[in-house]
Amino acid sequence: MTQTSPHRNPNSPSPQRFPVVVVGAGPAGLTVGNILRAAGVDCLVLEAESREFIERRPRAGVIEEWAVRGLEQRGLAGELLKRAERHTACEFRFDGERYRFPYQELTGSHHWVYPQPLLVTDLVREYADVRGGRIRFGVRDVRLHDLDGARPSVSYVCPESGLREVVECDFVAGCDGARGVSRAALPPGRARIARHDYGIGWLALLAEAPPSADCVLFGCHPDGFAGQMPRSPQVTRYYVQCPPGDDPENWPHERVWAELRRRLGADGAAPLTEGPLIEKRVLDMHDYVTEPMVHGRLFLAGDAAHLVAPIAAKGLNLALYDAFLLGDALAARLTKGEEGGLAGYEQACLRRVWDYQEFSQWLSELYHGSAAGDPFRAGTTLARLRRLFTSRTAAAAFAEQYLGTAARY
Ligand code: RFL
């Protein structure tokens, strides 16, 4: 909940002032910060973790072409364009066969594969070391105050002194992800969280091994979904469908690789390149959308506002989309007094958010329907899979959604 003016310890330093406080140094927060610095607007980014931690946290890897173009236009894609891999196709495996899906031929567009920790590293360096942006790492107990008025503030406990510090500002960008505090600052009577649970778990794995194929693999198998996503020449992400809430300890090395071999097996497929598993966690597949995304002087962006299960690899892309709109709108408001961008922010974000949520649901059935234990769903899922390879129109529609290339949202 939004809190009234902070009570400071008498020993606390006097309030500082920044036009914008950004809570959270993930892709959304750092992109907003970079856009503001490029426009000459001062801002302070507050991050609960250390710089080393956020630069190593493994997560996403697939970035849509429009999102990279958006980063490039803002001077934020230099390293990415040198190091990222360009992917032009993916492969489905079902019924013991391999089906390559050449999405670039259908859309003229491709995916970029660039691990999220590298993107975060680039964005922190650019923000803090090149553009001179202020950032505090390791802050504790962040609270948002007086968001309804013209003078909001953000307070936090300083990790070095243990004292609560107050930062006054004009706007707060709530970019603190799914477990942050910004979303909770929406008044309970006004906030609506629309949530969808898939009732499915994914064992998310990182293997210290080169990719087993040059593209993303989707195994739609009666025993459950399995996926392979190349991350770098040394590290590959795998997913194995499992019961929600399953314990990763139930998945020793041998069991993981046996399931992956079975679910990704297909005629003529090369054997999987196995290696030590350096990350192993169970994700309970769910989505949510928080509305409104704006309350007074608080603007939510990225996972703080909406979460989309990693089924369609969309979350980072949506976080960047919000951040481009919010960064540009705040810069226009603070440098030129233009209100239009901020006024239209939420509506513009939500159009793409709901479209991606719908695609994620659709794709979930494609991945998981064969293993639902229901012969009817298994039949319709197989029909849906086959249609991608028998109807050019169906294939083109899938490709457009998978790559986020619709002309309008
Ligand atoms: P983040 O990245 O979670 O950043 C939020 C930051 O806020 C900090 N924080 C706080 N700071 C201050 N005070 C507090 N009280 C705070 N609470 C939290 C956190 O430490 C963190 O640094 O949110 P952001 O910026 O909105 O970015 C969202 C993306 O990270 C997320 O959507 C993607 O990782 C989702 N995702 C994928 N997205 C894609 O587009 N393509 C993919 O291939 C893809 N793969 C994935 C994924 C997410 C995964 N997991 C872990 C759920 C694969 C996985 C396994």
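The values are calculated or read from the model by the stated rules, or taken from the named source; none is laboratory data. This structure is a prediction, so every number in the text was calculated from the model and none was measured. When we count neighbours, we look across all protein chains shown, and the Cβ atoms used for this are built from the backbone with ideal geometry, even at glycine. These accessible areas exclude ligands, DNA and RNA; they are computed on the full protein's heavy atoms, side chains included. Shrake-Rupley method; radii C 1.70, N 1.55, O 1.52, S 1.80 Å.
Some observations on this one:
- Selection status of Gly149, more than 26 Å from the chain's Cα centre (by Cα), over 25 Å from Ser14 (Cβ atoms) and at pLDDT below 95: no
- Segment 289-339: number of residues that are away from the ligand (no atom under 14 Å from the Cβ) and of a type in the set (Asp, Glu): 4
- Restricted to strands (runs of 3 or more DSSP E) entirely inside segment 111-224, those with at least 1 residues that are out of contact with any Ser or Thr (no Cβ under 7 Å at 6 or more places or on another chain) are 111-113, 134-136, 140-145, 153-157, 171-174, 192-207, 216-221.
- Against the numbered list (1) near the ligand (Cβ under 8 Å from one of its atoms); (2) at pLDDT 95 or above; (3) crowded, with 18+ Cβ neighbours inside 10 Å, Ala60 comes up short only at (2).
- Some residue of segment 198-213 being within 13 Å of the ligand (Cβ to nearest atom) and among the polar types (S, T, N, Q): no
- Segment 94-149 - residue that is crowded, with 17+ Cβ neighbours inside 10 Å and among the small types (Gly, Ala, Ser) and, of those, nearest to Arg164 (Cα to Cα): Gly133
- Annotation note: Cβ proximity below 6 Å between a residue of segment 80-108 that is farther than 30 Å from Arg262 by Cβ and a residue that is assigned to a strand (DSSP E or B) (sequence gap 6+ or interchain) occurs for Ala84/Trp112.
- A single entry from Val21, Val41 fulfils the requirement of being within 12 Å of the ligand (Cβ to nearest atom), crowded, with 17+ Cβ neighbours inside 10 Å and of a type in the set (Val, Ile, Thr): Val21.
- Within segment 232-250, tally of residues that are of a type outside the set (D, E, K, R) and closer than 12 Å to Glu279 by Cα: 5
- Hits in segment 332-361 - residues which are aromatic (Phe, Trp, Tyr) and either open to solvent by 70 Å² or more (accessible area, probe 1.4 Å) or not in a helix (DSSP H, G or I) (or both): Trp354
- Taking segment 274-313 as the range and being open to solvent by 50 Å² or more (accessible area, probe 1.4 Å) and β-branched (Val, Ile, Thr) as the test, only Ile278 passes.
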